1. Against the longest principal axis of the chain, how steep is helix 197-209, in degrees 0 to 90 to the nearest 10, with axes from Cα atoms?
2. So which residue, out of ALA123, ALA92, ALA67, gets the largest mean-square fluctuation from a GNM of the chain using Cα contacts under 10 Å as springs?
3. A 29 angstrom limit on the alpha carbon distance is what I want to check against. Which of LYS107/LYS148; LYS138/LYS174; LYS44/LYS138; LYS26/LYS138; LYS107/LYS174 exceed it?
4. LEU18 to GLN164: FRET efficiency via 1/(1 + (r/R0)^6), r the Cβ-Cβ distance, R0 25 Å, to the nearest 0.05?
5. Mind sorting HIS134, HIS84, HIS68, HIS144 by how few other Cβ atoms lie within 10 Å of their own Cβ, fewest first?
6. Hey, of (i) 49, 44, 34; (ii) 61, 31, 31; (iii) 57, 36, 28, which did the structure itself give for Cα extents along the principal axes in Å when calculated?
7. Only helical DSSP H runs with n ≥ 4 go in: add -39500 (n - 2.57) per run for the chain, normalise by residue count and round the 222 nm mean residue ellipticity to 500 deg cm²/dmol.
8. Relative to the longest principal axis of the C-alpha atoms of the chain, give the angle of the C-alpha long axis of helix 147-157, reported between 0 and 90° and rounded to the nearest 10°.
Amino acid sequence: MNSRSVLVVEDDALLRELLASALESKGYLVQSAANISDAKRAFKSGDPDGVVLDIDLGPGPNGFDLAHIILADAPETGIVFLTHLPDSRFAAVDPDGLPTGIAYLRKSGLSDLNTLFDALEGAMTGEVTAEFRHDRDKDRPLAHLTRKQIEVLRLMTRGQSNAQIAAIRGTSVKAVEDAIRRSCEAIGVDPTIEGNSRTAAVTKYLAVTGPQAMPK
């Protein structure tokens, strides 16, 4: 019988319940948490072998922050990020700064839950293979965006004007306009559609990433 324990950290209640039930059906002992505070308490009391962890958990610390806290205390813990985000840059985190030995799965990239089960097993046994690192997939959505373009698009989703984006980034409005134009081109939106290119770009960006809390 599988006696290993898993902590599920997911702010979407329906998905959290689905994941917990699915893992329990595989014999895992499961705890769940909706936010960072609850997750910290659950980890301390349950000392899980593995953690299935969303990245965007609302304002404040995100899943990457929680993973670093967990691994600092228990480095042998298997971590599986399960997220809408194509890669860590969309949470303003350097891909080179991710913990070693983690699995990274896109929710939209899961054909069934067996991929999650296999990724969790790999993370807990130290055998994470390339198929469980969706953030390294060259064909992942929005892969060709630069960090600057991602930041500009994220600010656009918050309704920031070009002048506001320029002030936040410490650049000129002209530089922002150029960044928006190149961002639109990178995601296949015609930047010459006057008045509509911004809306189209935001819609396409959010269709991939979902609504996101702003980075700390």
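Please treat every number below as a calculation from the coordinates, not as lab data. Bear in mind the structure is a predicted one, so any value in this text is a computation, not a measurement. Neighbour counts are summed over all protein chains in view; Cβ atoms, including those assigned to glycine, are modelled from backbone coordinates with ideal geometry.
1. 10 degrees
2. ALA92
3. Numbers: LYS107/LYS148 24 Å; LYS138/LYS174 31 Å; LYS44/LYS138 37 Å; LYS26/LYS138 32 Å; LYS107/LYS174 36 Å.
Exceeds cut-off: LYS138/LYS174; LYS44/LYS138; LYS26/LYS138; LYS107/LYS174.
4. 0.05
5. Working: HIS134 25, HIS84 20, HIS68 15, HIS144 12.
Lowest count first: HIS144, HIS68, HIS84, HIS134.
6. (ii)
7. Working: 8 runs with 93 residues, N = 216.
Result for the chain, helices only: -13000 deg cm²/dmol.
8. On a 0 to 90 degree scale, this one is about 80.
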